[in-house]
1. Checking ASN141 against (1) away from the ligand (no atom under 16 Å from the Cβ); (2) open to solvent by less than 20 Å² (accessible area, probe 1.4 Å); (3) modelled with pLDDT of 95 or more: exactly one of these is not met. Which one?
2. Could you list, in sequence order, all residues of the stretch 182-198 that are open to solvent by less than 30 Å² (accessible area, probe 1.4 Å) and not charged (D, E, K, R)?
3. Quick check on my filter: what residues within the stretch 171-207 are within 14 Å of the chain's Cα centre (by Cα), in a helix (DSSP H, G or I) and of a type in the set (Asp, Glu)?
4. Under 29 Å from SER244 (Cβ atoms), away from the ligand (no atom under 16 Å from the Cβ) and in contact with a Gly (Cβ under 7 Å, 6 or more places away or on another chain): which single residue out of GLY5, GLY65, GLY35 fits that description?
5. Taking the stated definitions as given, is LEU21 surrounded by 22 or more Cβ atoms within 10 Å (Cβ to Cβ) and either within 11 Å of the ligand (Cβ to nearest atom) or in a strand (DSSP E or B) (or both)?
6. Output the residues belonging to the stretch 73-89 that are open to solvent by 40 Å² or more (accessible area, probe 1.4 Å) and touching a residue at least 12 places away in the same chain (Cβ under 8 Å).
7. Could you please give the count of residues in the stretch 169-196 that are farther than 23 Å from LYS284 by Cα, within 11 Å of the ligand (Cβ to nearest atom) and of a type outside the set (A, V, I, L, M, F, W, C)?
Amino acid sequence: MHYIGRFAPSPTGPLHEGSLLTALASYLEAKKHDGLWLLRIEDLDQPRCSQVHEKSILETLEAYGLYWDNAVMRQTDRINRYSDIYQSLIAKGQAYPCRCSRTDLKNRHTLHHYDRYCLNNPTDKEPAAVRFKVEQVLGFNDLLKGHQPTPAQGIGDFILYRRDGIVAYQLAVVLDDYEQGVTDIVRGSDLLDETHKQRSLQSSLKYPLLNYAHLPLVLAADGQKLSKQTFAQALPTQPSEIISQLKNAMVRLGQIDKKDDTPCDVEGFMEFALEIWDIHKVPKVIKNS
Ligand code: GLU
């Protein structure tokens, strides 16, 4: 099957060094397979998203030589598609309305693993969230993280549609990946735990299961997770700094050594990066350098 990868940033801020690793690795892996690299703007959480960030993300990707294939997909253009899907899941008994508030969940100690109160006590009162009724959770093999068994405690019925009227990430990501024909996902390990949920939804919807590679998180030199303050600064777009950011990203991804000579124009650098790219060289832990 033809490889289709993607990069799916949320426009809640500009691209930073962490997002560059994901963008670059997913791009190179797709291109190494002669595949497509698609871009999707995940802007469902409107209060946290802005068009200014979206514009800066697109401009930064282009400045870094990360050109996407096809038209950009924007989640806010697809709200009706998401509603069709969760309504059809409700109709088939694979999802159900839920009126529980966060406080209810906390009081019942069911915040992380829902106790199915609203499945057993159905409600048609509004506003209600919609929960997916998890039937089957299978382990999977992650290209970088190895075998990921089914979590012993299960994953709990999760939200597809929030009570505040926002479509949940899990539903949108599964539907979008399917409709964009995505075959392979390369993204940060902060989303590793979400993958079981996405796969259980994919199998209920009878969508093909995807291949995953979760990149290690970047740790500070002392082994702590990097904080936003130290890591989430907007990527520079001056030509000389772009090369040093790309080079640093390739070092972090285990592809080159700091001392290696690399081309000093973006186009040349990206050609070189593609030639040497080998995802199996990505280290288990990325230390901030
Ligand atoms: N929009 C998510 C983020 O920016 C990424 C989702 C995904 O790659 O599945 O963290």
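1. Condition not satisfied by ASN141: (2).
2. Listed by number, the residues that qualify are VAL182, THR183, ILE185, VAL186, GLY188, SER189, LEU192, THR195, HIS196, GLN198.
3. Scanning the stretch 171-207 gives ASP176, ASP177, ASP190, GLU194.
4. Answer to the check: GLY35.
5. Criteria not met by LEU21.
6. Matches in the stretch 73-89: ARG74, THR76, ILE79, ARG81.
7. 4
Per-residue answers, yes or no, for (1) over 28 Å from ARG40 (Cα atoms); (2) in contact (Cβ under 8 Å) with a residue 12 or more places away in the chain; (3) touching a strand residue (DSSP E or B) at 6+ places or on another chain (Cβ under 7 Å):
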| position | (1), (2), (3) |
| --- | --- |
| CYS100 | yes, yes, no |
| ARG108 | yes, no, no |
| LEU119 | yes, yes, yes |
| PHE132 | no, yes, yes |
| PRO151 | yes, yes, no |
| VAL174 | no, yes, no |
| GLU179 | no, yes, no |
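The values are calculated or read from the model by the stated rules, or taken from the named source; none is laboratory data. Since we're looking at a predicted model, the values are computed, not measured. Cβ: placed from backbone, ideal geometry, glycine included. Neighbour counts: every protein chain shown. These area figures cover heavy atoms from the full protein model, side chains too; ligands, DNA and RNA do not enter into them. Shrake-Rupley method; radii C 1.70, N 1.55, O 1.52, S 1.80 Å.
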